[in-house]
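Worksheet: one structure, shown below.
The values are calculated or read from the model by the stated rules, or taken from the named source; none is laboratory data. The structure displayed is predicted, hence computed values, not measured ones. Because the Cβ atoms are built from the backbone with ideal geometry, glycine has one as well, and the counts that use them run over all protein chains shown.
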Amino acid sequence: MRGQGGFTYVGLLLAVAILGAGLAAAGSVWSVHAQREREAELLFAGDQIRQAIKRYYEDVPQGQQHRFPQRLDELLLDRRWPTVRRHLRRIYLDPMTGSTDWALVPAPGGGILGVHSRATAAPLKRQGFGRFDTAFEDAVTLADWRFVYRVAEDEGNAATQPAAPGALPTVPLSALPQFSPGATSNAR
């Protein structure tokens, strides 16, 4: 009877080891899947904020100058208009940090040109981005995914018109002071 108990014990240990390895593999697959989902949510949220900044800049009351929002809250309620005007329904959570505390990309001449995540993890997605996000292919960290309202090179450029349904038109560069890439601000 003693020999048989030893085999049962070894068999049980082997079963536990196999089960543990299987659970570790499943956890790894789940982790990668969760990261991909959060990255997709980041792309959506960042694009929504970029589009809201575009609408805020382009939609101005008659007689007022185009300007960028000074705070993200201005996208929720645009007080430049006599009636309620909302460019966003809510400030989206950064899915990588779980916070609405986005890092801000300052606009030339003041205001917010865009946002990016504060997450320093390396992105899993490396290619297959939309036409406004092609620079993300070179990103080392998720914080390098900068969702900025892009400007055209000159007023005569065809980029001032939407290229496809749903595409974001751009503002002529001559309408803005020069932008220094890589400059960020953590202030609100």
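Some points to look at:
- Looking only at region 44-74, and only at residues there that are small (Gly, Ala, Ser) and touching a strand residue (DSSP E or B) at 6+ places or on another chain (Cβ under 9 Å), the one that is nearest to Arg131 (Cα to Cα): Gly46
- Residue within region 71-94 that is among the aromatic types (Phe, Trp, Tyr), in contact with a helix residue (DSSP H, G or I) (Cβ under 7 Å, 6 or more places away or on another chain) and at pLDDT 90 or above present: yes
- In region 53-98, residue surrounded by the fewest Cβ atoms within 10 Å (Cβ to Cβ) [restricted to those that are of a type in the set (A, V, I, L, M, F, W, C) and under 25 Å from Thr120 (Cβ atoms)]: Leu93
- Qualifying residue in region 102-109 (condition: among the aromatic types (Phe, Trp, Tyr), surrounded by 18 or more Cβ atoms within 10 Å (Cβ to Cβ) and touching a helix residue (DSSP H, G or I) at 6+ places or on another chain (Cβ under 8 Å)): yes
- Only listed residue being over 14 Å from Ala143 (Cα atoms) and either surrounded by 15 or more Cβ atoms within 10 Å (Cβ to Cβ) or not hydroxyl-bearing (Ser, Thr, Tyr) (or both), chosen from Arg50, Arg38: Arg50
- Qualifying residue in region 24-31 (condition: surrounded by 20 or more Cβ atoms within 10 Å (Cβ to Cβ) and under 22 Å from Ala143 (Cβ atoms)): no
- Condition check for Val105: touching a residue at least 12 places away in the same chain (Cβ under 8 Å), at negative phi, touching a Lys or Arg at 6+ places or on another chain (Cβ under 7 Å) and not acidic (Asp, Glu): yes
- Scope region 105-129; condition part of a loop (DSSP other than H, G, I, E, B) and either closer than 17 Å to Ala52 by Cβ or among the basic types (Lys, Arg) (or both); matching residues: Ala107, Gly111, Ser117, Arg118, Lys125, Arg126
- Residue match in region 9-16 (condition: farther than 13 Å from Val115 by Cα, in contact (Cβ under 8 Å) with a residue 60 or more places away in the chain and among the aromatic types (Phe, Trp, Tyr)): no
- Among residues of region 133-148, those that are surrounded by 14 or more Cβ atoms within 10 Å (Cβ to Cβ), acidic (Asp, Glu) and free of Cβ contacts under 8 Å to residues at least 12 places away in the same chain, counted: 0
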